[in-house]
1. Compute the convex hull volume of the Cα atoms of region 4-212, divide it by the residue count, and report the result per residue in Å³ as a whole number.
2. Leaving out ligands, DNA and RNA, what percent of the accessible area of region 4-212 is carbon and sulfur, probe 1.4 Å?
3. With all distinct Cα pairs included, what does the Kirkwood hydrodynamic radius of region 1-104 come out to in Å, to one decimal, could you say?
4. Just the number please: accessible area per residue for region 50-100, 1.4 Å probe, all protein chains included, in Å².
5. Just GLU80, GLU39, GLU153 to compare: in a GNM of the chain, with alpha carbon springs under 10 Å, which one fluctuates most?
6. Nearest 500 deg cm²/dmol is fine: what mean residue ellipticity at 222 nm does the chain get from its DSSP H runs of n ≥ 4 alone, each adding -39,500 (n - 2.57), divided by its residue count?
7. Quick one: among ARG156, ARG50, ARG109, which has the greatest mean-square fluctuation in a GNM of the chain with alpha-carbon springs under 10 angstrom?
8. Round to a whole angstrom and tell me the spacing of the C-alpha centers of region 1-51 and region 86-155.
Amino acid sequence: MKGIFITVEGPEGAGKTTIITKIVDQLKKENYPVVFTREPGGIKIAEKIRSIILDPENTEMDGRTEALLYAAARRQHLVEKVLPSINEGYIVLCDRFLDSSLAYQGFARELGMDEVLSINEFAIGHLMPTKTLYFDIEPEEGFKRINQNKDREINRLDLEKLDFHYKVREGYSLLLEKYKERMIKIDASRSIEDVYDETLQVVKNIIHTAAHNE
Ligand code: TYD
């Protein structure tokens, strides 16, 4: 069986990483062949690029440089990890992918969604996710959660003003319109348990539908 590629998206503090980590544990317990990875990062070279992009000291970084570095990290991660895993038949769950660049760099940084899409097409070719889970939360609510979680590292993008994060969310809502078939919105303002239950159902549906369509 050829694998499935599921990406996970959302603004800061939506809890997507917490939820998806629990989902991966559960799927593994049930013997689903799952690979969990994240962007930017996931492999050595991309982790190095990640540390440059997210370093809070790199305040002079230009927006296009930022977009190109995300795309470069994405390319290397795709070639080294995502594609081989899909080809081996794994269900690959990836914490952030293309839509993060479109929402953060394209829309919130105002580089243009089409421009950012075009540099990303160079990076990923035609590989689009099978499905994308979008965890939706009001930015103010998201930041309340982040401030309660003292262990979370604060990165350069977290330091952007609240306005920026409202724009990120607006960018994501445009993407939900544009990619209706691919993107599934999950209301992340509810309790972790409720969001988890819904997400597990959604992920299992995606897996079973893909198996059925083979
Ligand atoms: P991370 O610590 O992984 O944050 P989160 O837990 O919210 O995913 O940091 C990733 C940061 O990089 C996050 O602020 C979103 C941002 N980002 C972009 O701006 N563009 C991108 O293409 C990607 C993949 C991430």
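The values are calculated or read from the model by the stated rules, or taken from the named source; none is laboratory data. The model shown is predicted, which means the values in this text are computed figures rather than measured ones. No Cβ is skipped: glycine too gets one built from the backbone with ideal geometry, and neighbour counts run over all protein chains shown. What goes into the accessible areas is simple: the full protein's heavy atoms, side chains included, and nothing from ligands, DNA or RNA. Shrake-Rupley method; radii C 1.70, N 1.55, O 1.52, S 1.80 Å.
1. 120
2. 51
3. By the Kirkwood definition, the hydrodynamic radius is 14.5 Å.
4. Per residue, region 50-100 has an accessible area of 45 Å².
5. Of GLU80, GLU39, GLU153, the most mobile in the Gaussian network model is GLU153.
6. -15500 deg cm²/dmol
7. Looking only at ARG156, ARG50, ARG109, the largest GNM fluctuation is found for ARG156.
8. Result: 12 Å between the Cα centres.
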